[in-house]
Amino acid sequence: MSYRVTFVCTGNICRSPMAEWVLRHHVEQEGLDVEVDSSGTDGWHAGDDADPRTVAALRRAGYESSHTARQFRADWFGRYDLILALDRGHLRALRSLAPDAEARDKVRLVREFDPDAGDDLDVPDPYYGDRADFEHVLELVEAAVPGLLEHIRAGLKEK
């Protein structure tokens with residue numbers, strides 16, 4: 001049985017699709033049985049492609065990208081083993097949607113998996129920024145990948 005991970009940001013066009021494709025690349029490289037996708041807490045961009053700056057940052061770093069934005073739904077908690085919020089606002093929104101304590105416990109911050117993150121656990125929204133802001137988001141996501149992979153490997157052993 002696959003381990004299922006989803007990333008959640010606000011509109012699902014910048015941070016969460018970037019994180020999705022970075023993790024997807026790494027789990028495929030390791031041959032792990034993991035399904036990775038993403039969504040947003042809000043539906044403003046539902047049906048839209050990823051922000052072109054997200055796609056460009058991913059491609060410059062050697063990652064693939066294909067994406068259609070969607071909004072996270074409360075009835076999806078049972079589908080996922082790990083729900084990764086990109087900032088504390090998303091974390092609060094997702095936990096408030098959770099139907100029970102078990103579902104709330106599935107929601108974590110991406111940067112919790114970066115041992116060097118310290119107390120700075122939010123991935124900033126690059127939407128109103130420039131290329132450097134998107135590159136910074138990519139760096140923060142990549143820094144969390146080793147810890148995420150370790151967590152996922154442990155979860156796969158439990159399945």
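Placing unit charges on the Cβ atoms only, positive for Lys and Arg and negative for Asp and Glu, gives the stretch 1-60 a dipole magnitude near 260 debye about its Cα centre. Net charge in the neighbourhood of Asp114 (other residues with Cβ under 11 Å of its Cβ; Lys, Arg +1, Asp, Glu -1) is -4. A simple count of charges around Pro124, restricted to other residues whose Cβ falls under 10 Å of its Cβ and scoring Lys, Arg +1 and Asp, Glu -1, yields -4. Qualifying GluC sites (Glu not before Pro) in the stretch 1-82, where qualification requires a DSSP coil assignment and no more than 13 other C-beta atoms within 10 Å, comprise Glu64.
In order along the stretch 7-24, the phi-based Karplus estimate (6.51 cos²θ - 1.76 cosθ + 1.60, θ = phi - 60°) of 3J(HN,Hα) comes to 9, 9, 10, 7, x, 6, 10, 10, 5, 5, x, 5, 4, 4, 6, 5, 5, 3 Hz; Gly and Pro are listed as x. The packing ranking, built from the mean of other Cβ atoms within 10 Å per residue, places the peptides 101-107, 152-158 in the order 101-107, 152-158, highest first.
Within the listed set Pro124, Pro115, Pro146, the Gaussian network model of the chain (springs between alpha-carbon atoms below 10 Å) gives the highest mean-square fluctuation for Pro115.
Our coupling estimate for the stretch 113-130, obtained by passing each phi through the Karplus curve with A = 6.51, B = -1.76, C = 1.60 and θ = phi - 60°, is 8, 9, x, 9, 6, x, 8, 8, 9, 8, 9, x, 6, x, 3, 8, x, 10 Hz, Gly and Pro reported as x. When the Gaussian network model of the chain links Cα atoms closer than 10 Å, the mean-square fluctuations of Asp114, Asp33, Asp87 top out at Asp33. The largest accessible area among Ser39, Ser65 belongs to the first residue in Ser65, Ser39, and the rest follow in falling order (1.4 Å probe, all chains). Maximal additional length on extending the Asp119-Met1 stretch stands at 39.0 nm, based on 0.36 nm per residue less the C-alpha distance. Net charge dipole, the stretch 41-159: roughly 460 debye, given to the nearest 20, about the Cα centre with Cβ charges of +1 for Lys and Arg and -1 for Asp and Glu. Taking chymotrypsin sites (Phe, Trp or Tyr not before Pro) across the stretch 1-101, the ones in a DSSP loop with at most 16 further Cβ atoms lying within 10 angstrom of their Cβ are Trp44.
A cut-off of 5 Å between modelled amide H atoms, ignoring neighbours fewer than 5 places along the same chain, links Asp48 with Ala69.
The values are calculated or read from the model by the stated rules, or taken from the named source; none is laboratory data. Given the structure is predicted, the values throughout are model-derived calculations rather than measurements. Cβ atoms come from the backbone with ideal geometry, glycine included; neighbour counts cover every protein chain shown. Please note that ligands, DNA and RNA were not included when accessible areas were found on the heavy atoms of the full protein model with its side chains. Shrake-Rupley method; radii C 1.70, N 1.55, O 1.52, S 1.80 Å.
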